[in-house]
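S.K.: Once you've had a glance at the structure underneath, I'll fire off some questions.
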Amino acid sequence: MSNSKPDLHDWPEEGIRAAISFVGKQLTAGEKLSVVDVGGHRGETLGAFAKNVKHFSYRSFEPNPASYEALKQYADTLRSANRDIDVYNSAVGAEDGRIEFHVTNATAVAGVLKPIHGLSERVSTGDHEIAQTIDCELCKIDSLDVIQNGDITDLLKIDTEGYDLEVMKGAKKALQNGQFKAVLSEVFFVPYRQDQAFFWDLATFMKHIGYHFVNLYDCRDTTQGRLYTGNGLWLSPQLATDSNFL
């Protein structure tokens, strides 16, 4: 088995490093940074944490069976006394149950939501064309044992191709209780998926919960020069206070 990182795109690390810089200040020497990763794909985010953090506890969810197997194999190469890693073949949303998941030609853009009409014409590579629709398990963050136990987790990372608000809704109890010190989520500014959430939808939800927006990272523009997507970072009320936010 190879110890190399999956031969795909690297997860952009600007947002991850920013999140680590905030939550890492509160960790004691040797304490593990705890992460819940929604949308683990084939291990790009896991590789980014392994590169930037020595000690971490990592729990990842990936619904695409093929991507999950690659993630699982990669996780096996990284486990150690300093790295607790668990991966699950499941989608994450606002409820527990089952849901349809659309596997696209490019697995990195697979998701619960279908691409908008005309997207394939704008992206001529065919990456977003649906190759297969599968039935998969769906769980919500608030049902996880670490949440039920009242544990504090350092970071919730979300990358679900426009389904991110549903993930946040399923973590509402944990967020209201401040059980995630930081949340790093993919955000969109232009139409991309049917019934998607936009940045302002996520920002409004998090504001009502009491989380403080920090900044946008890893941003990309469309070919027309419009802001397309990026990763938004929010801090819990307690961590924002500890960080001297106004």
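Quick note: the coordinates plus some simple rules give every number you see, no bench work behind them. Computed from a prediction, not measured in an experiment: that's the story for all the values here. Please note: Cβ atoms are built from the backbone with ideal geometry, for glycine as well, and neighbour counts cover all protein chains shown.
S.K.: I need the calculated FRET efficiency for the pair ILE152 and GLU14, taking r as the beta carbon distance and R₀ as 22 Å, to the nearest 0.05. Present the calculation step by step, with values, prior to reporting the outcome.
M.R.: Values: r = 25 Å, r/R0 = 1.12.
With R0 = 22 Å, the Cβ-Cβ based efficiency is 0.35.
S.K.: Could you give the semi-axes, largest first, of the ellipsoid that matches region 64-147, computed as the square roots of 5 times the alpha carbon gyration tensor eigenvalues and rounded to whole Å?
M.R.: 28, 18, 10
S.K.: Next up: Can you list residues whose amide H is under 5 Å from HIS55's amide H, if they're 5+ apart or on another chain and H is modeled 1.01 Å from N?
M.R.: Sorted by chain and number, the residues that satisfy this are LEU33.
S.K.: Quick one: among THR77, THR229, THR107, which has the greatest mean-square fluctuation in a GNM of the chain with alpha-carbon springs under 10 angstrom?
M.R.: It is THR77.
S.K.: For the chain, what does the convex hull of the Cα positions come to per residue, in cubic angstrom? Don't skip to the end; give the middle numbers.
M.R.: Values: hull volume 30.0 nm³, N = 246.
Expressed per residue, the convex hull around the Cα atoms of the chain is 122 Å³.
S.K.: For TYR228, list long-range residues whose amide hydrogen, built 1.01 Å from N in the peptide plane, is under 5 Å from its own amide hydrogen.
M.R.: Amide H to amide H, under 5 Å and 5 or more residues apart or across chains, TYR228 pairs with ARG220, ASP221, THR222.
S.K.: Also, I was wondering about something else. With the chain treated as a Gaussian network of Cα nodes joined by springs under 10 Å, which of LEU235, LEU184, LEU144 yields the largest mean-square fluctuation?
M.R.: Between LEU235, LEU184, LEU144, it is LEU144 that shows the largest mean-square fluctuation.
S.K.: Still on this structure, please answer the following. If you line up the Cα atoms of region 173-246 on their principal axes, what length do they span on each, largest first, in Å?
M.R.: Its Cα atoms span 40, 25, 16 Å along the three principal axes.
S.K.: Given charges of +1 on the Cβ of Lys and Arg and -1 on the Cβ of Asp and Glu, with all other atoms neutral, how large is the dipole of region 14-242 about its Cα centre, in debye to the nearest 20?
M.R.: Values: 23 positive and 31 negative charges, 127 e Å.
Dipole about the Cα centre, nearest 20: 600 debye.
S.K.: Ranking PHE56, PHE180, PHE213, PHE245 by Cβ neighbours within 10 Å, fewest first, what do you get?
M.R.: On the way: PHE56 23, PHE180 27, PHE213 17, PHE245 12.
So the ranking, lowest neighbour count to highest, is PHE245, PHE213, PHE56, PHE180.
S.K.: When every alpha-carbon pair in region 108-246 is counted, what percent end up more than 23 Å apart? Walk me through the numbers before you get to the answer.
M.R.: Numbers: 3758 of 9591 pairs.
Within region 108-246, distances greater than 23 Å cover 39 percent of Cα pairs.
S.K.: Determine which lysines satisfy two conditions relative to LYS172: a Cα distance under 18 Å, and not lying fewer than 8 residues away in the same chain.
M.R.: Candidates past the 8-residue exclusion: LYS140, LYS157, LYS181, LYS207.
S.K.: In what order do HIS128, HIS117 fall by count of nearby beta-carbon atoms within 10 Å, going from fewest to most? Display every interim value, and only then the final one.
M.R.: Working: HIS128 22, HIS117 9.
Going from least to most buried by this count: HIS117, HIS128.
S.K.: Counting other beta carbons within 10 Å of each residue's own, what order do THR104, THR133, THR28 fall into, fewest first?
M.R.: On the way: THR104 21, THR133 10, THR28 5.
By the 10 Å Cβ count, ascending: THR28, THR133, THR104.
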